[in-house]
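The structure appears below as structure tokens.
The values are calculated or read from the model by the stated rules, or taken from the named source; none is laboratory data. This is a predicted model, so every value here is computed, not measured. Every residue, glycine among them, receives a Cβ derived from its backbone with ideal geometry; neighbour counts consider all protein chains shown.
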Amino acid sequence: MNGVETLTFGELLRKYRKQNHYTQEQLAELVDLTPGFLGQIERGECYPSIDNLTKIIQTLNIDANSLFYPPRKHESDRELLYNQVRIKLSQLNRVNLECILYLAKRLEEAQRDEEPETEESSH
């Protein structure tokens, strides 16, 4: 390894569960597990079967790659947000992607307009 600490599977599962505003009990019921078993998974004491893993991924609406290629523990908030946006974008159709691209261009223009002038540009 390169010395970069990554989140464990259980830590990732807890993070995504909380991002989706589920308690352990709620998620366990949705994926047909016991809350105790889900707690064991989050603590890294055991791992779900492939079938249960599939249910968890679908219920949390997450990209499976995010579990197998986890972010670094000290990843910046901006990087985490970027990854969340990237996952959501991957689920959109072409028309909606074109709308997002249009909005992104307008936001970029608005941001440029809001940036304060530097001394060089004000002369």
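Given the structure, is residue 27 surrounded by 16 or more Cβ atoms within 10 Å (Cβ to Cβ), in contact with a Leu (Cβ under 7 Å, 6 or more places away or on another chain), in a helix (DSSP H, G or I) and modelled with pLDDT under 90?
So residue 27 does not fit the description; no.
Which condition breaks for residue 37 when tested against (1) at pLDDT 95 or above; (2) surrounded by fewer than 12 Cβ atoms within 10 Å (Cβ to Cβ)?
Single failed check for residue 37: (2).
Please enumerate the residues belonging to the range 86-103 that are touching a helix residue (DSSP H, G or I) at 6+ places or on another chain (Cβ under 9 Å) and either among the β-branched types (Val, Ile, Thr) or not in a helix (DSSP H, G or I) (or both).
87, 92, 100
In a helix (DSSP H, G or I) and modelled with pLDDT of 90 or more, is that true of residue 106?
Spelling it out, residue 106 is indeed in a helix (DSSP H, G or I) and modelled with pLDDT of 90 or more.
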